[in-house]
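Here is the structure we will look at, set down as structure tokens.
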Amino acid sequence: MRGVGIAIGLGWVVCIMTSTGCRKPVEAKRSELEEAGFSWTTEDWFRAARADNLQVLNQFLASGFTADSRDDTGDTALHAAAEAGAESVADQLLDSGLPPDLPGADERTPLHAAVAGDQPKMIGWLIRQGADPSLKNKDGFSPLLLAVRDDRPACVEELAIHQRDQLDDALLLAAITGRPRCIDVITNYGGSVYARMDDGRTPLMLAAENGQLDSVKLLLELGASRFSTSDSELTAVEYARNAGHEDIATLIEEGPAGGLVGLESEEEIGLEMSHFVDARAAGETPAAVDAPAENGTGASSGTTASAPPPVSLAGAVVSAAAPAPTTPSGSSASVGTSHDTPAMPPLVMRHYRESELPLRILPAEDDGARVTVFGADTPATEIASGNRVPGSTLEVLRVSRRMEDSKLSAGEQIEVSVVEVKDTESGETRTLTSSLPASAHDPLALVEDAATGRRYVAAAGQRFRSEGGDEYLVADVRPTQIVIENVTTGEVTTLPLRGPRG
């Protein structure tokens, strides 16, 4: 028993001696902190993080300070480092076991903190470390939407390529809040001026309604339609006027100078889209080199001298295989959304186009129709076969009625007026109805063969082939994507809009 007691006593002595020996280095580290002007407090821990003072941070850690300590708001030093752009400290904190998406105050991640500090380089670095840019804070903002709200265009640019599925939402928010610098970046990465809220309002309508003059000007330059109507059948002019912004209403009504309302050919539209993409990629303002297409006056000089003009994708033979397309910075950009589908021609969607005519077709008595021209002081005019639509190059070929489904009548069939017109200058024909906005053409997209750089104009219903002989169908063309079906296998691939920069 005595032996056991001696052993226990010696054990306590060893324990005490060991503990004392361990405390000395800790106390020494804390003394070093004081000599460096830092106290062993959470406040100074955060101060070291914001200053990117890696030496002091390591002294804190060596003296026993917990890496995931939080301030009064609930943030960690990783959030503080992200907001300050302190990459060395952030790297050390990640090595210490903090996850890159660690939630802090109001559920914000370090990416949110980097946006708040306007730190685009830190945003890119965090994403490379595995941070998820889709996570939202307590208020429901992703880092991209937060960057738009706070008018951080450099941060928007860093996030845009990683959040392409949020670009339209970002553009709508930028229009509401009046962020023209962000609008410029978002549209350059593929955000569509044809995006819509659930109630059908477009970015132009939102900017007009909220009195955002500079945003309205930019959206018009980028090709936003002045004539689109929301689910309430209101145009951007009417939203501006109803909100008391008469100057904006007048600006939108003025529109592009000169030119009659007409129909463009697919070739003309292809040239305009190609010219737009080239101008944006070169950092130019497309409006300065490419007249708006709403007046049907045709395209400017189009693509560069070395690039052939776009042709219809219908019947084309596209390269069978090629390396993945790259952005100007050299990073890879996937051309599809599914990795399980067979390889298809390496097409990249570069631009989207839909042009609405400044006309509204209205029913009339005896199977007739009337037409209202936006911006004109004249009342609705009754039209008949052989007549010219006022203020246009459109000749009426035929007027009739038919029954069709309409979302405005809860799915019930309604009778609509149908007007078939022909452009006497371009020779293009079009069917206009009283149930839909008058459009100058079907939705079109500019697609590019990543292997050869050849550009094509794609429309729903077109068929084309790969060099290997497989046949493909363009199933749908949307503002932010094209849906393509392999006719042979039935496999479907979605090509997201990549925009001028990738």
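Does a label point 7 Å from the Cα of residue 254, set along Cα-to-beta-carbon, have any residues of segment 212-239 with amide nitrogen under 14 Å, and which are they? Those under the cut-off are 213-214, 216-218, 220-221.
Fraction of C-alpha pairs exceeding 30 angstrom in segment 44-254: 34 percent, rounded to a whole number. The local environment of residue 53, defined by Cβ-Cβ distances under 11 Å, has a net charge of 0 under the rule Lys, Arg +1 and Asp, Glu -1.
This model, with +1 at the C-beta of Lys and Arg and -1 at the C-beta of Asp and Glu, gives segment 363-475 a dipole about its Cα centre of some 160 debye.
Each residue in 439, 215 was given a count of other beta-carbon atoms within 10 angstrom of its own, and listing them fewest first yields 439, 215. For segment 458-470, 3J(HN,Hα) computed residue by residue from phi via the Karplus equation (6.51, -1.76, 1.60; θ = phi - 60°) reads 10, 9, 4, x, 6, 10, 8, 10, 8, 4, x, x, 5 Hz, glycine and proline entered as x.
Taking amide H as placed 1.01 Å from N in the peptide plane, the amide H of residue 491 sits under 5 Å from that of 486, each at least 5 places away or on another chain.
Net charge within 12 Å of residue 485 by Cβ-Cβ distance, Lys/Arg positive one each and Asp/Glu negative one each, not counting residue 485 itself? Within the 12 Å Cβ shell, the charges total -3. Whole-Hz Karplus values for segment 429-440 come out as 10, 7, 10, 10, 10, 6, 8, 9, x, 6, 9, 7 Hz, taken residue by residue from phi with 6.51 cos²θ - 1.76 cosθ + 1.60 and θ = phi - 60°; glycine and proline positions read x. A dipole drawn for segment 44-254 from +1 and -1 charges on Cβ atoms has a positive end, and of 206, 80, 171 the residue lying farthest that way is 80. Collect residues whose amide H, placed 1.01 Å from N in the peptide plane, falls under 5 Å from the amide H of residue 352; neighbours closer than 5 in sequence don't count. Here 446 satisfy the definition.
A simple count of charges around residue 215, restricted to other residues whose Cβ falls under 12 Å of its Cβ and scoring Lys, Arg +1 and Asp, Glu -1, yields -2. With the highest mean first, a sort of the peptides 136-143, 352-359 on other beta-carbon atoms found within 10 angstrom per residue produces 352-359, 136-143.
Note that segment 185-199 has calculated 3J(HN,Hα) couplings of 5, 4, 5, 5, 9, x, x, 9, 5, 9, 4, 9, 6, 4, 8 Hz, one per residue in order, obtained from phi through the Karplus relation 6.51 cos²θ - 1.76 cosθ + 1.60 (θ = phi - 60°); glycine and proline are x.
All of the numbers you see were taken from the coordinates with simple rules; none came from a lab. Keep in mind it's a predicted model, so treat the numbers as computed, not measured. Note: ideal-geometry Cβ built from the backbone for every residue, glycine included; neighbour counts use all protein chains shown.
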